[in-house]
Number of protein chains: 4
Amino acid sequence: MAETGASARKLTMDDIRAAAERLKNWGRWGAEDEVGTLNYTRPEDIVAATRLVQKGKVISLALPYDHRGPQGGKTKYPALGRFNPVHLMMRTGTDAYSGVLDSRKIRSADDVIMMPTQCGTQWDGLGHIFYGNHMWNGYDCRTVTSAGAQKCGIEKTKDRMVGRGVLLDIPRMLGMERLPDAFAVTNEMLGRAEKHFGVEVRRGDFLLVRTGQMEAMLAANTWDGYSGGDAPGLAFETLDWLHAKQVAAIATDTWGAEVRPNETDEANQPWHWISIPVMGLTVGEIFDLGELARECAEDKRYEFLFVAPALPVTGAVASPVNPLAIK
Amino acid sequence: MAETGASARKLTMDDIRAAAERLKNWGRWGAEDEVGTLNYTRPEDIVAATRLVQKGKVISLALPYDHRGPQGGKTKYPALGRFNPVHLMMRTGTDAYSGVLDSRKIRSADDVIMMPTQCGTQWDGLGHIFYGNHMWNGYDCRTVTSAGAQKCGIEKTKDRMVGRGVLLDIPRMLGMERLPDAFAVTNEMLGRAEKHFGVEVRRGDFLLVRTGQMEAMLAANTWDGYSGGDAPGLAFETLDWLHAKQVAAIATDTWGAEVRPNETDEANQPWHWISIPVMGLTVGEIFDLGELARECAEDKRYEFLFVAPALPVTGAVASPVNPLAIK
Amino acid sequence: MAETGASARKLTMDDIRAAAERLKNWGRWGAEDEVGTLNYTRPEDIVAATRLVQKGKVISLALPYDHRGPQGGKTKYPALGRFNPVHLMMRTGTDAYSGVLDSRKIRSADDVIMMPTQCGTQWDGLGHIFYGNHMWNGYDCRTVTSAGAQKCGIEKTKDRMVGRGVLLDIPRMLGMERLPDAFAVTNEMLGRAEKHFGVEVRRGDFLLVRTGQMEAMLAANTWDGYSGGDAPGLAFETLDWLHAKQVAAIATDTWGAEVRPNETDEANQPWHWISIPVMGLTVGEIFDLGELARECAEDKRYEFLFVAPALPVTGAVASPVNPLAIK
Amino acid sequence: MAETGASARKLTMDDIRAAAERLKNWGRWGAEDEVGTLNYTRPEDIVAATRLVQKGKVISLALPYDHRGPQGGKTKYPALGRFNPVHLMMRTGTDAYSGVLDSRKIRSADDVIMMPTQCGTQWDGLGHIFYGNHMWNGYDCRTVTSAGAQKCGIEKTKDRMVGRGVLLDIPRMLGMERLPDAFAVTNEMLGRAEKHFGVEVRRGDFLLVRTGQMEAMLAANTWDGYSGGDAPGLAFETLDWLHAKQVAAIATDTWGAEVRPNETDEANQPWHWISIPVMGLTVGEIFDLGELARECAEDKRYEFLFVAPALPVTGAVASPVNPLAIK
């Protein structure tokens, strides 16, 4: 049990309710706040984070957005309706070659993208999950209508996603290629990883937790089992650790951040029930942490400047993103 | 004439061809290169740019992506078919409130975005414009098909859009609220602006040129005349200036970067004919430079860390972007 | 007053509630029914309708679906978010010409359409409007979620839209080019039109009412004021007439069937409040009745075979349609 | 060999070229024609077809359009990029229930559909396939650009898809549940089926050929192998039969009408090379013929009124359709 990190017993709704009471940040940044723990990052943290840049190396943590994305896979669970990006052209080089653009006196290509905001590398915004009839900061869930999120839309974060990034590479610490499905990353492991990699997670940080699942998928050239399937991930108890650490945001290389199957039968994604609406924690998912992990292992520095601006789509509950780690 | 910056005579196709010969960068970074002038930015430039951050202030240069975007306006020119973002929900807080999600044991919202990549704040990638039957670096324009750009897709830039940003605020220099339509920003003005604002544009920089047109539109609460319409913008001759300066990329607060009506009747957007396919210059458009301009005027520092990662949409010829200036 | 057809006083919510009680068809076709008044059309009506075909002439009542559609216009009212069809290609003849398809050993073109189901010529399905917390036949409105209409989806009508069509051409009867905005078509006018054109509306018919507004728009080459704007249309009292006549469905050449400004300030589209959810009446809108009207005027026959199959999009609350009148 | 209907030897490009010469209809209906063999149906044929209606029974031949559609399956062949319909809501009953619509004074639902025109039951228009650099009637293939089909768009057929329908139920004739993959339907079989079912295919008819493949897929609850995979279907030689019969259009219950694997290695879908661009034959695919086949077997009448109007999407090369057989 200890080795896999699984908790000793299944969680109940009482556990979830207790966590909600214990970890609730509503009102902490005022009744009008819409960005939650992103408030932890102060200007001085941003200045300090820029000084971590020593090599001028930029590492993108985004998967390509295309029809080969992770929504193509099959799992044993019901689908959520998300699909891979559909990219279509409005004008092409073949149009140009064919001469049909020349009446416009310019030869150009144009394109269109259609995608669920959570189809690939993404930020879950604070409008994404509800706790009962409420969302972050106690807003009524009915403020997220078919017309979008009138509160906590992702556009509210547009100048917020900059700070110190820290990578905790759990499988590397454990000498594993990847964490297996159902492996829960515990508070003990997170603390051990800080010591192991010589990096302390601090207030306002953007914490990246690697499980290795994505790289295994990419190596196997299949997404079957990834999106919505079983996965390694954060234990429910990490909510307390993240709360105490006062991180700005967290991201993982998995579809859903938390361990699956979940630690309870009474809720789906119980960690999400608390992290997003109760704590106000922005969550990144489907981050490609492979190159960054190799780079950190090589230079032994697990901290870096992190810049991952969401697209300010008005009223969106999430956003595709090209997160950058700059070393 | 001097006051408006317009050139003395209309350009001809011979002028355009001569510029193409004079400014062609094909092969400069090898036969396989797909990112052009972004190569000018070296790792040491990135490190140095991070040291420009003194206040920890992040300024987003993106317009909101929504149905109130700039594609809604009318002009006297034929439309390009671009439309404002369409944002639709797959699950909502009203679904949650209605209880219809509870069988899933989680209350969540999900959404979808559909948009032309160039409907709002955007990077034009090197697959966007063709010169004759060729694109950047001499690639055949037929590599941009209905299936997307097989060469020079925007995803090739995914770890490139980081460096020193410089703002040249032309209307402020001239004591104007905004530059009027048809006002051409000349080389002389760019050079004068460097001196006026005490900032030198250097190799590998990301140059932002403000015209004030966007803020005027926002103040007037209409986009009529903006997208595809007449506008202030870069004179054709600035191609030489940018070439000599070796900038990594350039962006403006207008729809199309260059002055409109164009300086010629023989080509549409002649500056684009050269900048993107011949020079390999990535171009940003519809950047909201208002807040940044005010901030720079206040602290008198017109350089900053600039981070503007494109979404790596495979084969896309452009990308929406949330560009950040960090001071 | 009599000339314009407007009622003598504004309607109140009490009038609407009284109409709901008076005209409610819930349960008439059983507790499981999802198609409402389409049940009025019996097989023998269909057989009889086919015998109306004498010339073998087919008239399409659909507007083209494209970017020049009626959603482009401006009105003084808030927009609903509908947009004109977006048609994009996945493969083209220019790709073919450029040779880039030849590795597939076939030269073909493919395309994609994205559109609101109500952006052009359309059927409003019975999931489109709610009366309080209920929809047609008393179903809970919460059966229409972000996942679509679990009850009364348009797909339930897939073999229903066939029968006798009748055109009542009100402006022609009145010697007018078109009915002006705010002109209410009354029961008296409908009855007079039957006599004028020598055609009786009967149980199970598909009734088409022409106002001439669309043809005026097409002639003026603008849609400003059309979608969601003021318009001629059916008076609220026609609900009783249609109920008594037991029509299967009704369609008009306007955006919203009923007269606008509406006959009340207390509800928006009060006729819709009753027709769709209370009576179970399927409603067609944005039908192009110009050619049909000319044809009927010429041959003096205002009845015909009507075939207008909705696309069976599962869970849709409406459908684009190419309705055919066959004479 | 005779039992499966496969031809004795593989076809070559010479065979295809010979068929093109032999079967070319270019110019037959004038140099401006854009609808090809749909011209075969005359007004008197339409009148006569209506008289086939005896029972007033309407049978829809459309599959539902939804995420469970046939594009979900996997095959051993490369994908074409088509995807199942994406249906999204703009307003919902849950919005209504939540009270968030009440400021509009109407409770309504609205929706959007996005789909490839060929993702489900469909008409292939005459802009869909090219023969060399030409399309139907000799038009240059470059008239089908990223902006759509300037010639032969599906909208040209908007008042054409009405006539006599004939079903030839090949597996029933042969005493089989379904034709197996790679089974070619030959001219001999078509002729035999006419006699077997007592129905003669005539000039201007809409011919439906059943293979039973779709019903087998529906029964097995999987689309794997269907779209783009191996299938029973029309032999190449049927082009001559259809040419001689002068049918208006043909449709089958398979993804691609013709037998797969194809009868040649030198071309993909060789029957399509000729039928659409050379003969001008409109082709229906993914028609659900199960209920119709049962009905015809029961009443022993294999002819009926057929009405299958394409949506007039301007410049589309195909259209989703809800085809109706009316008996």
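Annotation: C:Arg107 fulfils all but one of (1) surrounded by fewer than 20 Cβ atoms within 10 Å (Cβ to Cβ); (2) charged (D, E, K, R); (3) within 13 Å of chain D (Cβ to nearest Cβ); (4) farther than 30 Å from D:Leu324 by Cα; the unmet one is (1). There is at least one residue in the range A:210-224 that is buried (at least 24 other Cβ atoms within 10 Å of the Cβ), within 24 Å of A:Ile16 (Cβ to Cβ) and either of a type outside the set (Phe, Trp, Tyr) or at pLDDT 95 or above (or both). Residues in the range B:82-104 include at least one that is basic (Lys, Arg), over 19 Å from A:His87 (Cβ atoms) and facing chain A (nearest Cβ under 7 Å).
If you filter the range A:151-186 down to residues that are in a helix (DSSP H, G or I) and of a type outside the set (A, V, I, L, M), you find that the one that is nearest to the chain's Cα centre (by Cα) is A:Thr157. Only residues that are in a loop (DSSP other than H, G, I, E, B) and buried (at least 21 other Cβ atoms within 10 Å of the Cβ) were counted in the range B:238-249, giving 2. Applying the condition of being more than 11 Å from chain C (Cβ to nearest Cβ) and β-branched (Val, Ile, Thr) to the range D:155-170 and asking which residue is farthest from D:Phe183 (Cα to Cα) yields D:Val166.
B:Gly36 falls short of the stated requirement of being out of contact with any Gly (no Cβ under 9 Å at 6 or more places or on another chain) and open to solvent by less than 40 Å² (accessible area, probe 1.4 Å). I need a count of the residues in the range C:158-174 that are open to solvent by 10 Å² or more (accessible area, probe 1.4 Å) and closer than 16 Å to C:Gly36 by Cα. Matching residues across the range C:158-174 total 3.
For the range C:42-57, taking the residues that are open to solvent by 10 Å² or more (accessible area, probe 1.4 Å), within 24 Å of C:Thr252 (Cα to Cα) and not in a loop (DSSP other than H, G, I, E, B), the one that is nearest to the other protein chains (Cβ to nearest Cβ) is identified as C:Ile46. Restricted to the range C:140-154, and to residues that are small (Gly, Ala, Ser) and open to solvent by less than 10 Å² (accessible area, probe 1.4 Å), which residue is farthest from the other protein chains (Cβ to nearest Cβ)? Out of the qualifying residues, it is C:Gly153. For the residues D:Glu298, D:Glu285, the requirement of being under 17 Å from C:Ser108 (Cβ atoms), more than 12 Å from every other protein chain (Cβ to nearest Cβ) and acidic (Asp, Glu) singles out D:Glu285.
Residues that are more than 9 Å from chain A (Cβ to nearest Cβ), under 23 Å from C:Asp102 (Cβ atoms) and outside any loop (DSSP other than H, G, I, E, B) occur in the range B:128-139; there is at least one. Considering only residues in the range D:250-279 that are over 20 Å from C:Gly93 (Cα atoms) and β-branched (Val, Ile, Thr), the one that is surrounded by the fewest Cβ atoms within 10 Å (Cβ to Cβ) turns out to be D:Thr264.
Looking across the range B:262-276, the residues that are within 12 Å of B:Ala19 (Cα to Cα) and facing chain A (nearest Cβ under 9 Å) come down to B:Pro270, B:His272, B:Trp273. Looking only at residues in the range B:110-124 that are in contact with a helix residue (DSSP H, G or I) (Cβ under 8 Å, 6 or more places away or on another chain) and facing another protein chain (nearest Cβ under 7 Å), the one that is surrounded by the most Cβ atoms within 10 Å (Cβ to Cβ) is B:Thr117. Being modelled with pLDDT under 95 and among the hydrophobic types (A, V, I, L, M, F, W, C): is that true of A:Ala48 here? For A:Ala48, the condition - modelled with pLDDT under 95 and among the hydrophobic types (A, V, I, L, M, F, W, C) - is not met. Answer yes or no as to whether B:Leu305 is out of contact with any Phe, Trp or Tyr (no Cβ under 9 Å at 6 or more places or on another chain) and within 8 Å of another protein chain (Cβ to nearest Cβ). Answer is yes for this residue. Restricting attention to the range D:124-142, the residues that are in contact (Cβ under 8 Å) with a residue 12 or more places away in the chain and either among the β-branched types (Val, Ile, Thr) or over 21 Å from D:Leu23 (Cα atoms) (or both) add up to 1. Is it the case, given these coordinates, that D:Glu291 is in a helix (DSSP H, G or I), open to solvent by 10 Å² or more (accessible area, probe 1.4 Å), away from chain C (no Cβ under 14 Å) and modelled with pLDDT of 95 or more? So D:Glu291 fails the test. In a residue-by-residue description of the range D:194-201, the property of being over 25 Å from D:Ala244 (Cβ atoms), at pLDDT 95 or above and in a loop (DSSP other than H, G, I, E, B) applies to no position. Consider the range A:79-101 and keep the residues that are free of Cβ contacts under 8 Å to residues at least 40 places away in the same chain and in a loop (DSSP other than H, G, I, E, B). The one that is surrounded by the most Cβ atoms within 10 Å (Cβ to Cβ) is A:Thr92. Selection within the range B:42-78: residues that are of a type in the set (Lys, Arg) and free of Cβ contacts under 8 Å to residues at least 40 places away in the same chain. The member of this set that is nearest to C:Arg142 (Cα to Cα) is B:Arg68. Candidates A:Asn39, A:Asn25: the one that is polar (S, T, N, Q), more than 10 Å from every other protein chain (Cβ to nearest Cβ) and out of contact with any Ser or Thr (no Cβ under 9 Å at 6 or more places or on another chain) is A:Asn39. Within the range C:65-76, does at least one residue satisfy the condition of being of a type outside the set (D, E, K, R), touching a strand residue (DSSP E or B) at 6+ places or on another chain (Cβ under 7 Å) and not in a loop (DSSP other than H, G, I, E, B)? Among the residues of the range C:65-76, at least one is of a type outside the set (D, E, K, R), touching a strand residue (DSSP E or B) at 6+ places or on another chain (Cβ under 7 Å) and not in a loop (DSSP other than H, G, I, E, B), which makes the answer yes.
The values are calculated or read from the model by the stated rules, or taken from the named source; none is laboratory data. Quick caveat: nothing in here was measured; it's all calculated off a predicted structure. All Cβ positions, even for glycine, are placed from backbone atoms using ideal geometry, and neighbour counts span all protein chains on display. Accessible surface areas use protein heavy atoms only, side chains included; no ligands, DNA or RNA. Shrake-Rupley method; radii C 1.70, N 1.55, O 1.52, S 1.80 Å.
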